[in-house]
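In what follows, a structure is listed as C-alpha cells, so that the remarks can point back to it.
The values are calculated or read from the model by the stated rules, or taken from the named source; none is laboratory data. Computed from a prediction, not measured in an experiment: that's the story for all the values here. Using ideal geometry, Cβ is built from the backbone for each residue, glycine included, and neighbour counts are taken over all protein chains shown. Keep in mind that these areas ignore ligands, DNA and RNA; they rest on the heavy atoms of the full protein, side chains included. Shrake-Rupley method; radii C 1.70, N 1.55, O 1.52, S 1.80 Å.
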Amino acid sequence: MRYRVLGKTGIEVSAHCLGTMMFGAFGNADHEDSARIIHAALDAGINFVDTADMYSAGECEEIVGKSLKGRRDDVVLATKVHFPLAEGRNRGGNSRRWILKAVEDSLRRLNTDWIDLYQVHRPDHTTDIEETLSVLSDLVTAGKIRTFGCSTFPAEELVEADHVAERRGLMRLRTEQPPYSILARGIERSVLPTAQRLGMGVLTWSPLASGFLSGALREGKPVDLTAGRAKRTPHRFDPALPGNAAKFAAVEQLVTLAEEVGCTLPELAVAFPLVHPAVTSVIIGPRTMDQLTSLLKGADLQLDDAALDRIDEIVAPGIDLYQADGVWQPPSLTDRAWRRRPVAERAAAD
C-alpha cells in the first residue's frame, strides 16, 4: 500500500481509505462480520478509516470503535459532524452548540480519547464559518481532535474559510472530502485546483458512482428501482429516462476499456481518482469481505496516459454525467426566495 501525507498536516495515510458507511443497519448489520472486514483492510496496509456520526445513526461509529480496540494507535481515524441523528431543534448543523455535543458523542461511540480528522459533513449557511472554525480550533487545543476539514464544500466556501481563518487567527480547514469518479468529474474545474492552492489534503468518496461503475448496472439490463440507492433516487437510475442514457452509454465504453487494460470496471474506477495530483486518498466502502477483496486486488493498478486519454474521450474533464447522492446544493439554487425578487420589484419600471 502506498502512503501519502494528508495535505500539510504531516499525517501519513494510505492511498486507500476504508469508508465505513455500509457497516450497521444501513448496510451490513452483522457487527462481527463488519469487524472482520475492518481488520482485513488494516492487515492489507490501510491505515486510514473514515466514518460519520450519521452513518446508521451512530451504530457505524460503535462498530468502528469496537473493531479498533488494540489497534487504535496505528489508525488515522476520521469522522464527521453536521447531520442530525434525531428530530428536534439544534440537533444538527455546524454551530458551536451542536459540534461540542456531537464530538463528545462520537468519542464515546468510537471508544477513543481523540479523533485524528474531524470533518464538517456539509456547509451550513445558517452558521457563520468563523463560528465553526472557532470551535474546531478549540477542540484541537483541547486535544479532542488532531486536525479538521470539511466534506463536499464548493470551492468558494473553501476560499472563504481560509480567508476567515487567516483574518481571525484561527486554524484552517486542512482537508476536503468531495465525491469524485469517472462519471462525476465536476470538481476538477475548481474544487481540486483550489484545494491544491490552499495545501489541503483531499480524500474522495463514491469512486463507483453509487454503483454505476460496479459492473452491476449495464445498458439494456433491467434496473431494480425498489431497493438501495435506486429506490431513494429512481430518477438517477431509471434507464427509461432520457437523462440517464449518457451514463449507461459511458459505462459500456468503460467496460470495454477495462477489458483492454486487463482489469475489472471497479478496479479501473478506484484507480482513476488517485491519478489527480490533488487527491491524497480514495475512499472505498465495501459492505462485504468479497467486495473488499475485489477492490484491494486493483490497488497496484497503474493507469497509463493512453488509458487516461481514453477516459477523457468518454467523459470529458470537468464534466458530471452523474451527481452523487447527498451532494450539497446552496440555498441560492434550492430556495426560490434567493433567486426571485418580490413580484412588485421584478419589472424594469414602476
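Could you sort out which of Lys69/Lys297; Lys80/Lys247; Lys221/Lys247; Lys8/Lys80; Lys66/Lys144 sit more than 25 Å apart by Cα distance in this structure? Before the final figure, lay out each step's value.
Values: Lys69/Lys297 27 Å; Lys80/Lys247 30 Å; Lys221/Lys247 13 Å; Lys8/Lys80 20 Å; Lys66/Lys144 19 Å.
Result: Lys69/Lys297; Lys80/Lys247 exceed 25 Å.
Per-residue surface analysis assigns Val343 an accessible area of about 110 Å², computed on protein heavy atoms at 1.4 Å probe radius.
Largest GNM mean-square fluctuation among Ile11, Ile115, Ile63, using the chain with Cα springs under 10 Å: Ile11. Put a plus charge on the Cβ of each Lys and Arg, a minus charge on the Cβ of each Asp and Glu, and nothing anywhere else: the dipole of the stretch 250-300 about its Cα centre is then about 240 debye.
Quick check for me: using +1 on Lys/Arg Cβ and -1 on Asp/Glu Cβ, what's the dipole size of the chain about its Cα centre, in debye to the nearest 20?
Details: 41 positive and 48 negative charges, 178 e Å.
Approximately 860 debye in magnitude.
Let a ≥ b ≥ c be the square roots of the eigenvalues of the Cα gyration tensor of the stretch 1-133; is it rounded (a/c under 1.5), or, if not, prolate (a/b larger than b/c) or oblate?
Details: a/c = 2.16, a/b = 1.35, b/c = 1.60.
Oblate is the answer for the stretch 1-133, as a/c is 1.5 or above yet b/c matches or exceeds a/b.
Residues in the stretch 193-208 carry Karplus couplings, in order, of x, 5, 4, 4, 5, 8, x, 8, x, 10, 10, 9, 10, 6, x, 8 Hz; the curve used is 6.51 cos²θ - 1.76 cosθ + 1.60 with θ = phi - 60°, and Gly or Pro positions show x.
Each label was represented as a point 7 Å from its Cα along the Cα-to-Cβ direction; for Arg91 and Trp114 these points are 3.2 nm apart. Placing R0 at 56 angstrom, the Cβ-Cβ distance between Arg4 and Ala348 gives a FRET efficiency of 0.55 after rounding to 0.05. Per residue of the chain, the DSSP helices (runs of n ≥ 4 H) give a summed -39500 (n - 2.57) that works out to -10500 deg cm²/dmol at 222 nm.
Across the accessible surface of the stretch 248-335, with the other protein chains kept in place and a 1.4 Å probe, carbon and sulfur atoms take up 48 percent. Which of the three applies to the stretch 278-340, rounded, prolate or oblate, going by the alpha-carbon gyration tensor with a ≥ b ≥ c and a/c under 1.5 meaning rounded? In terms of gyration-tensor shape, oblate. Looking at the chain, the accessible area is 47 square angstrom per residue; that uses a 1.4 Å probe and ignores ligands, DNA and RNA.
Carbon-plus-sulfur accessible fraction, the stretch 55-154 (probe radius 1.4 Å, protein heavy atoms only): 44%.
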